[in-house]
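The values are calculated or read from the model by the stated rules, or taken from the named source; none is laboratory data. A quick note: this is a predicted structure, and the numbers were derived from the prediction, not measured. Here the Cβ is made from the backbone with ideal geometry for all residues, glycine too, and neighbour counts use every protein chain on show.
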Amino acid sequence: MRLAFKFAYDGRPFSGYARQPNLKTIEGELIKSLTKCDFIKDAKQSHFRSASRTDKGVSALGSVVAFNIDINKNFIPKELNKDLTDIIIYATAVVESDFYPRYAKRRSYRYYLRRKDLEIDKILSAAAFFTGEHNFSNFARVEEFKDPRRIIDNIIVTNQDDFSIMDFYAQTFLWNQVRRIVSAIQKMGKSKIEKEQIIEAIHNPNKKVDFGLAPAEPLILRDIVYDFEFEYDKKLLNSLKDFEKNIVSSF
């Protein structure tokens, strides 16, 4: 039987998401706990797969992993939650045997951008430039053989307390894409660059421009959506608001 679970994590105490020898990572801690609690033998045999591998410092409220488990073994997230620190598993689903969590319908990321010295009208204007389909070579770290074209369905900007909160929606994102877009938007919001520079960088991707990389810690992977529903632990689901507040309090 193949299972998926949805989980949140505070990325700050970890050395990134992906497994690395002799380093504490989110993926590494999950596999260690699943093995320790006797749910899987090892990552390879269980076909353990992750939906997204966030950078060091990035947190998540709705990441997803999947793995195979003995059909006679009841999977109890509470056992893992007792063993894990800064990671909360709050939803599960039985999935198809070939389910690979990277192939999702939609992903959403949230960035907390401090409003100090920002012109909100410019922030809103800049965000609109990035929606739709574009070649994001100037706004991502594009790996070899990766298509730099992506479609951003929407970017919603709301103001809350000291932050402009930017929510990004797309099926897939490139490495560092959100952080590089945010850095460009922030520079325009502080009148360090003009809108024409952003438009030029979007429409002329072969002319290399670097608007910088926004810090990782204010970025949160909010959710990953599939064509099936998870079964949620309502108490743990409700706890995510406080979990997010705790992360944001350090920005």
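Condition check: at pLDDT 95 or above, among the basic types (K, R) and over 16 Å from the mean Cα position of the chain (by Cα). Does R149 satisfy that?
yes
Please specify each residue of segment 205-225 satisfying the condition of being outside any strand (DSSP E or B) and under 23 Å from R149 (Cβ atoms).
Within segment 205-225, P205, N206, K207, K208, V209, D210, F211, G212, L213, A214 qualify.
Restricting attention to segment 27-41, does a residue exist that is surrounded by 19 or more Cβ atoms within 10 Å (Cβ to Cβ) and assigned to a loop (DSSP other than H, G, I, E, B)?
Yes, segment 27-41 contains a residue that is surrounded by 19 or more Cβ atoms within 10 Å (Cβ to Cβ) and assigned to a loop (DSSP other than H, G, I, E, B).
Please pick out the residue among L80, L84 that is closer than 17 Å to G16 by Cβ and touching a residue at least 12 places away in the same chain (Cβ under 8 Å).
Of the residues listed, the single one that is closer than 17 Å to G16 by Cβ and touching a residue at least 12 places away in the same chain (Cβ under 8 Å) is L84.
Could you please find all residues in segment 122-180 being of a type in the set (D, E) and either buried (at least 19 other Cβ atoms within 10 Å of the Cβ) or not in a loop (DSSP other than H, G, I, E, B) (or both)?
Result: E133, D153, D167.
Would you mind telling me which numbered condition in (1) within 20 Å of I123 (Cβ to Cβ); (2) assigned to a helix (DSSP H, G or I); (3) more than 19 Å from the chain's Cα centre (by Cα) S191 fails?
Unmet for S191, out of (1) within 20 Å of I123 (Cβ to Cβ); (2) assigned to a helix (DSSP H, G or I); (3) more than 19 Å from the chain's Cα centre (by Cα): (2).
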